[in-house]
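Enquirer: Below you'll find the structure I mean.
A short reminder: the numbers here are calculations on the coordinates, not readings from a lab. Not measured: the values here are computed from a predicted model. Here Cβ is always computed from backbone atoms with ideal geometry, including for glycine, and neighbour counts include all displayed protein chains.
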Amino acid sequence: MSARDPLFWRRAAAIRAKEWAQIWLDPSTFGLVVLMPLILMFLFGSAVTLDVHGTRTGLIDLDRTSASRDLAATLSNNSYFRIAEQSSVAEAEPQLRSGALRGFVVIPDGFERDLASGTAPAVQLVTDGSQVNTATLLAANLRGTLRSWTEARARQQDQAFVPPLSLIARYTYNPELESRYMLVPGAIGIVMAMIGSLLTALIMAREYERGTMEGLLSTPISIPALVLSKLLPYYVLGLASTAICVAVAVLGYGLPFRGSFLALFLVSSAFLAAVLGQGLLISAGTKNQFVSTQFALLSGFLPSLLLSGFLFEIDSMPTAIQWLTYIVPARYLIPPLQSVFLVGDIWSMFLPNILALMGFGAFFFLRVTRAIKRQIA
Amino acid sequence: MAEAPLLRLEGVSKRFKGARRGAPPVEALRGVSLNLAPGRRLGLVGPDAGGKTTLMRILAGLVAADSGDVELLGGPADQLDRSQVGYMPQGGALYAELTVRQNLELYARLRGVEPQDSPERMSHLYRLTGLEPFLDRAVGKLSGGMRQKLALACAVVAAPRLMLLDEPSVGVDPVSRQEIWQLAMDLSGPETSLVWTTNILEDAARCDEIVLLHEGEIRYHGPPAGLAAGAEGRCFVRPLPDGVRRKALQDLLLDRGVISGRIEGGNLHALARQSAAPSGGNWLPVAARPDEGFAAMLDDGAALQPSALAEAFPLRFDQPDQPAIAAIGLTRRYGDFVAAQDISFSVRPGEIFGLLGPNGAGKSTTFRMLCGLATPSAGRGTVAGRDLSVAGAEARQALGYMPQKFSLYADLNVATNLKFMVGSYGLTGAAQASAIERVVTALGLEPFMATAAGLLPLGVKQRLALGAAVLHTPPVLFLDEPTSGVDPLVRREFWHHINAIAARGTAVLVTTHFMDEAENCDRVLVINRSQTIAQGTPDELRHSIPGGAVASSLEVAFFSLIDTQRRVLAEAPA
Amino acid sequence: MSGALVRVIAMALKELAVVLRDRRVMTTLVASPVIQLILFGLATTLEVKNVSLGLVNRDTGIASEQFLAAVGAARNVGEVIVYPNEAALGVAIEQREVLGGMILPPDLSARVARGEEGQIGLLLDGRRVNAAQIVTTYISEITATTGMALRPGPAAPDLVVRNWYNPNLDYSWFTLPGMIAVITTVLVLSVSVQAIAREREFGTYDQLMALPMRHWEILTGKMVPAFLVGLFNGSFYVAMVALLSDVPFLGSYLLIVLAIAAFSLAVSAIGLAISSVAANQQQAFLGGFLVIVPMILLSGYASPIDGMPAWLQPIAATDPLSHLLAITHGVFLKDMPAAMIAGHIWPMLAVALVALLLGHTLLRGRSS
């Protein structure tokens, strides 16, 4: 097309200038580009955390001996738990039901006696199984705490005591295992997905809804020029948002940035190409802003949040859904994005992902240019 | 014809599938054949839904014909060189939030004109359109006339060989209409061809040839004079004194032998079905105008019935001296700009009061203040005795409002729109049903009940909007350019209803750009540049022009009054 | 019927017609949420299953043998891939071939036999925090039990865990009822947020303002479709999950429907407040989005409220979604009594009231 139209780039530039003017005039676009990254960065940096601590836990001490009080004190001092002592199971039960407690620990009668006599007493933990993750982590943390409490007691009695086996866990790239190291890069992906699919979902539908499409189509502009020039400003906005996010992540939340800006730029560009194309295709297909936004939410935002492996492990999903994740562009973004912060440039891993994303971009672009017809009505 | 035609259509047909599943397809065009030579100007007229817009879109290469040959600029339609065609879609396809300059530069560059490289062309366009002082104003804030001029400029910025202008003068005052035509002439060269669709026969009559499209077929193609010939010998006139003309017109329209009638100056005009004068009175034969030829050609032979719309209105003459609408020193300022300055008038029950003035003169602002859509900066307005600033909802209950721009829900069907409106007025149960039934029957909306309002032909849209405004038979009716863009037959029907509704004691406030319509008003107020420049009956206005002469029609008086103000302001010390 | 009621009903019916006018809208409102509910309900698990782990084993003694036997028997660990050295393991982690790896030093068995402490190394991918955290707990449990078997020490308390309401900690019992609440939020907000902005964009706003409708009548009428969409969809999803999945439904259907009603009221009021200030659909939609995301993330669905900063927790308590989540989990799994549900309903009603008053003020402010 461009070969036949000597004014291809000039016409594209005209549309681009118009898009910029419209973006400039609508404060909501800047709200999305600036405010949204800040809000998301804050939420994923400060509010959402996978490190369970401060879990509201009841404690029923039926033994009330020095050993049981010692255990109670150990639990209370541990930041994993927020211990509230209860007198009986009957008292704790309604609180567990209402959600005021996420679990309670019962230290049995005869706890100290059994320990002294060498029989293992059974400490009971009742969890609120409706909060599966909290329940799992509560049990694991309690088990770990009991073990270290036992070892500390053994050392008090026998200075030479050592446990037979111990585990020394190390975490590469993230020694403190801070969940924001994982969540913040993921949130950047969400920001890009949103700017890409949501904003562009609106722009083509709006031309149809307002009747300005008829004016554009009657001019000599070619459809690829129209599509390209509509995408470009939003690509720049997407990059700008990414830059804001990276700044907040590194300066605000102290994330390392071990890779190169070039890698970040290439990965982001490839991803933006994919989601911008997706949004534009939705927009051109529905010609209706409301339906467009619904589609963009369902096919753009939610899969990026839930099926990209950013929050939930893809390996743990049912097999059919694991297959489905292959058509979610964000799946190819999250691993390189996390790595460029925490690891460095792993080109052997980046390149296949970039290629996959560019494939999505090319596919959507071709579909959009076909979806927009010269013919109206 | 020696020269190769610029446009050649041979037996072109186009049908669209029905709006709903199962609905019969709509035959937009049926075997249309048409040639247009370079340098010729074609006026395309015809009633709404007659196929004008479809034909224009085919010419612009935006709709493919189902059958028949289409040759555009000497080649097949799908190889059209779009840079040679300047198409202005209805409404202009402008971006309301962008400025005048941004819109024009966008279309200039899309059409291959780089504004930086040809500043003289751009400034020439700005000068011709008179948009120079408003380059940085958002298009949404322009008056209707200026918007149309800009849309025209956007379409023809690259000096195309073919100009396709769909309704460029709709909703535009007579002065601007003249200017838009002139603009199109100034922008076209000797070889430029022009297709101009309109429902205003005066505009079409300026073209070299006229095509009348009705029900998808060409009913007339020839010189403008030939159209009037169809009504020759069937036009009559009779002078009538002030005050009785409206009643006489109403009676005339109910005459089975009469197609249409109008008031002009002190005279009542009639177009008869046969070459015999209507009964009664001393009718004199008179020369036919193109619009009368148009009406005669489209006449379906049915006589108007007494307005069923009006019959439901209760008689409201119990307080004839109490003004139903009163504007007392209404003023509206936007920053330094005064949009309406000290406007005062009152409308009695049963009176039709016309608000006249060019686009942007302050009519709409005054209107909006009286409907409670804008708060006056000074002064106040009352409707049915209620102050709008104190009793908003009660005052709004007493008025029916038909906005200038179609404001019903485009994606909802007619029935749903009417149900919503009737419920909004608080009508319930049987009253709801009968109000809808009445409006639907009186305005012939029955076939469209299931059609989305946005897909209706313009004339039906306007009928629906009128119907929605009178569902609750309000004592006060506000009509903002009710007939803009509709064909002459629908206009005749509208004024028939309006006259009948006023006769029940309803106060009607109306704005219009058609001076022949304004002749129907009992009294008119002329606003220009935010100020009242004249107020009185049409006769009084005709007698009030400077120089002592009597204007032959309200139109002449109108132009003279505006011109006088312009000169006075120009002479006044700055 | 009073005039006000008639006007509210007229507005409500019109809005319903707008929302339901085309089949694609019906698809997005009914069919696709069902798919999402199932898809996302099954996909969003924080559980870690079938992880591949690497192994660098330099010990051939009994300790490594017993430890690896226990690892092999663990149901959460999938494949164990052997690497010759730590460097190879590091590369595998970098390429995300394995989540991490166990490193057994050459003197492991010997140290255990000598009564010293044998140290097992575990190296995990710090990019995958959640999985790393959970695998650490698995492996440390295996380490401790293997150690006890190799060399019994002093008596230690046994931990007996009982998971009430969800004995097997089935993840879908958490996600499916939770997804009902999340999807209802998205639906209600995206419908309500358009209500007034659409009128502004299409130029019908003026006509609306010239009608004898009061602002509160407009707001109330416009809330109806979003409210109904929430109520209908929410109740439908509850029935669907209760009947078709293996998630138990122990509580009262009526109570959960009541809660969904209160929730829909609150969220549609929030949507209208946004719509009152939006000049066009884009603004409305983006404004809605700025509310949806924090609502979901602060609700406790993605991560527990207990873990949030102390100052943020009272804010999370005003999130209607956090209350609806408590109720859906409560009614499905815990047979939550009416009094407790009421304790979660009134905050939602309070949010509805505040948002409505705000919307009314904003609408009045914008129209004069």
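Enquirer: Work out the length of the dipole vector of the protein assembly as shown about its Cα centre, built from +1 on the beta-carbon of each Lys and Arg and -1 on the beta-carbon of each Asp and Glu, and round it to the nearest 20 debye. Kindly include the intermediate steps, with their values, before the conclusion.
Expert: Numbers: 106 positive and 109 negative charges, 208 e Å.
Taking the Cα centre of the protein assembly as shown as origin, the dipole is about 1000 debye.
Enquirer: Moving to a separate point now. How much length, in nm to one decimal, is gained on full extension between B:Gln565 and B:Ser389, taken as 0.36 nm per residue of separation minus their Cα-Cα distance? Walk me through the intermediate numbers first.
Expert: On the way: separation 176, 0.36 × 176 = 63.36 nm, distance 3.25 nm.
Stretched out fully, the B:Gln565 to B:Ser389 stretch lengthens by 60.1 nm.
Enquirer: Just the number, please: Stokes-Einstein D of the stretch A:103-153 in µm²/s, Kirkwood Rh from C-alpha pairs, 4 °C, 1.567 mPa s. The partial results should precede the final answer.
Expert: Details: Rh = 12.0 Å.
The Stokes-Einstein estimate is 108 µm²/s.
Enquirer: Same structure again: With 11 Å as the cut-off, how large is the P(r) tail for the stretch A:242-283, expressed as percent of Cα-Cα pairs?
Expert: Looking at the stretch A:242-283, the distances longer than 11 Å represent 70 percent of pairs.
Enquirer: To continue, here is another question. How large are Rg and Dmax for the stretch B:155-212 when calculated on the C-alpha trace, in angstrom?
Expert: 11.0, 29
Enquirer: For C:Lys222, go through the lysines and keep the ones whose alpha-carbon is under 18 Å away, minus same-chain ones fewer than eight residues off.
Expert: Partners found: B:Lys419, C:Lys14.
Enquirer: If you average 1/r over every pair of different alpha-carbon atoms in the protein assembly as shown and take one over that average, what Kirkwood value in Å do you get?
Expert: Numbers: mean 1/r = 0.0282 Å⁻¹.
Kirkwood hydrodynamic radius for the protein assembly as shown: 35.5 Å.
Enquirer: Give me the number: length gained by fully extending C:Ala31 to C:Trp311, i.e. 0.36 nm times residue separation minus the C-alpha to C-alpha distance, one decimal in nm.
Expert: Values: separation 280, 0.36 × 280 = 100.80 nm, distance 3.94 nm.
Computed gain between C:Ala31 and C:Trp311 is 96.9 nm.
Enquirer: In nanometres, what is the gap between the two model label sites at A:Met349 and B:Glu217, each 7 Å from Cα along Cα-to-Cβ?
Expert: Distance between the two pseudo-spin positions: 7.5 nm.
Enquirer: If you split all Cα-Cα distances of chain B into 20 Å bins from zero, what percentages do you get per bin, shortest first?
Expert: Per 20 Å bin, starting at 0, the Cα pair percentages come out as 19, 54, 26, 1.
Enquirer: What is the helix-to-structure angle for B:554-571, meaning the angle in degrees between its Cα long axis and the longest Cα principal axis of chain B, kept from 0 to 90 and rounded to the nearest 10?
Expert: 90 degrees
Enquirer: What are the semi-axes of the equivalent ellipsoid of the stretch C:271-313, taken as the square roots of 5 times the eigenvalues of the Cα gyration tensor, listed largest first and rounded to whole Å?
Expert: Working: eigenvalues 154, 18, 9 Å².
Ellipsoid semi-axes (Å, largest first): 28, 10, 7.
Enquirer: Taking each full run of DSSP H in chain C as one helix, which ones are at least 20 Å long along their axis (Cα atoms) and have mean Kyte-Doolittle hydropathy of at least 0.5? List each step's numbers first, then the result.
Expert: Details: long enough: C:3-20 (26 Å, 1.85); C:129-150 (31 Å, 0.83); C:171-192 (31 Å, 1.59); C:215-244 (43 Å, 1.24); C:253-277 (37 Å, 2.33); C:281-297 (24 Å, 1.48); C:338-367 (42 Å, 1.27).
Within chain C the helices that satisfy the rule are C:3-20, C:129-150, C:171-192, C:215-244, C:253-277, C:281-297, C:338-367.
Enquirer: What average count of beta carbons from other chains do you get within 10 Å of the Cβ of residues in B:146-155?
Expert: Numbers: counts 0, 0, 0, 0, 0, 1, 0, 0, 2, 3.
Mean number of neighbouring Cβ atoms from other chains: 1.
Enquirer: Compute for chain A: radius of gyration divided by Kirkwood radius, i.e. Rg/Rh, restricted to C-alpha atoms, rounded to two decimals.
Expert: On the way: Rg = 28.0 Å, Rh = 24.4 Å.
When Rh is taken as the Kirkwood radius, the ratio is 1.15.
Enquirer: Figure the gain on full extension for B:Ser346 and B:Val286 (residue separation times 0.36 nm, minus the Cα-Cα span) and round it to one decimal in nm. Don't skip to the end; give the middle numbers.
Expert: Details: separation 60, 0.36 × 60 = 21.60 nm, distance 3.72 nm.
Gain in length upon complete extension: 17.9 nm.
Enquirer: Evaluate the stretch B:7-222: find the radius of gyration of its Cα atoms, find its Kirkwood radius, and give the ratio Rg to Rh.
Expert: Numbers: Rg = 17.3 Å, Rh = 17.8 Å.
Computed over Cα atoms, the ratio is 0.97.
Enquirer: Spin-label point model (7 Å from Cα, Cβ direction): what's the A:Arg367 to B:Ser434 distance in nm?
Expert: For the pair A:Arg367/B:Ser434, the computed spacing is 5.7 nm.
Enquirer: What is the mean projected area of the alpha carbon convex hull for the stretch A:55-157, to one decimal in square nanometres? Let's see the in-between values first.
Expert: Details: hull surface 24.5 nm².
Mean projected area of the Cα convex hull: 6.1 nm².
Enquirer: Taking amide H positions as placed in the peptide plane 1.01 Å from N, state which residues far from B:Leu412 in sequence (5 or more) or on other chains have amide H under 5 Å from it.
Expert: Close amide H contacts, sequence-distant or interchain: B:Ala453, B:Gly454.
Enquirer: As I understand it, the dipole of the stretch B:228-298 uses +1 on the Cβ of Lys and Arg and -1 on the Cβ of Asp and Glu, about the Cα centre. Which of B:Leu253, B:Asn267, B:Pro239 lies farthest toward its positive end?
Expert: B:Leu253
Enquirer: Output the Kirkwood hydrodynamic radius of the stretch C:1-147, Cα pairs only, in Å rounded to one decimal. It would help to have the intermediate numbers written out before the result.
Expert: Details: mean 1/r = 0.0515 Å⁻¹.
Result for the stretch C:1-147 stands at 19.4 Å.
Enquirer: Given the options A:Thr49, A:Thr57, A:Thr242, state which has the largest fluctuation in a GNM of chain A using a 10 Å cut-off (strictly under) for Cα springs.
Expert: It is A:Thr57.
Enquirer: Further, regarding this structure: So if we plug the beta-carbon distance of A:Arg69 and C:Met148 into 1/(1 + (r/R0)^6) with R0 = 30 Å, what FRET efficiency do we get, rounded to 0.05? Spell out each step's value before the answer.
Expert: On the way: r = 26 Å, r/R0 = 0.86.
Step by step, r from the Cβ atoms, then E = 0.70.
Enquirer: Sort the following peptides by mean Cβ neighbour count (other Cβ atoms within 10 Å, averaged over residues), highest first: A:356-365, B:298-307. Don't skip to the answer; put the middle values down first.
Expert: Numbers: A:356-365: 18.8, B:298-307: 12.8.
Highest to lowest by the protection proxy: A:356-365, B:298-307.
Enquirer: Under the definition of partner shielding as Cβ atoms of other protein chains within 10 Å of a residue Cβ, what is the mean value for peptide A:174-182?
Expert: Values: counts 7, 1, 2, 8, 2, 6, 1, 3, 8.
Mean partner shielding for this stretch: 4.
Enquirer: Once every DSSP H run of n ≥ 4 in chain A is given -39500 (n - 2.57) and the sum is divided by its residues, what mean residue ellipticity at 222 nm do you get, rounded to the nearest 500 deg cm²/dmol? It would help to have the intermediate numbers written out before the result.
Expert: On the way: 17 runs with 223 residues, N = 377.
One gets -19000 deg cm²/dmol as the mean residue ellipticity at 222 nm.
Enquirer: Report the calculated FRET efficiency for A:Ser148 and A:Ala116 (r = Cβ-Cβ distance, R0 = 22 Å), to the nearest 0.05. If you can, show how the numbers build up before the last one.
Expert: Values: r = 20 Å, r/R0 = 0.90.
That pair, A:Ser148 with A:Ala116, gives E of 0.65.
Enquirer: Hey, with R₀ at 41 Å, roughly what FRET efficiency would B:Asn35 and A:Ala17 work out to, going by the Cβ-Cβ distance, to 0.05?
Expert: 0.55
Enquirer: With just the Cα atoms of the stretch B:228-298, tell me how far they stretch along each of the three principal axes, in Å, largest first.
Expert: Taking the Cα atoms of the stretch B:228-298, the three principal extents are 32, 23, 19 Å.
Enquirer: Using 7 Å Cα-to-Cβ label points, what is the C:Ala279/B:Val26 separation (nm, one decimal)?
Expert: Here the modelled spin labels are 3.3 nm apart.
Enquirer: Here's another thing I want to ask about it. How far is helix A:261-286 tilted off the main Cα axis of chain A, in degrees rounded to 10, range 0 to 90?
Expert: 70 degrees
Enquirer: Out of A:Ala120, A:Ala72, A:Ala247, any idea which swings most in a Gaussian network model of chain A, alpha carbons joined below 10 Å?
Expert: A:Ala120
Enquirer: For chain A, with a Gaussian network of springs between Cα atoms less than 10 Å apart, report the residue from A:Leu302, A:Leu167, A:Leu202 with the top mean-square fluctuation.
Expert: Highest fluctuation of the listed residues: A:Leu167.
Enquirer: Among residues other than B:Glu571 whose Cβ falls under 15 Å from its Cβ, what is the net charge (Lys/Arg +1, Asp/Glu -1)? Intermediate values should be presented prior to the final figure.
Expert: Values: positive: B:Arg529, B:Arg566, B:Arg567; negative: B:Asp563.
For residues surrounding B:Glu571, the net value is +2.
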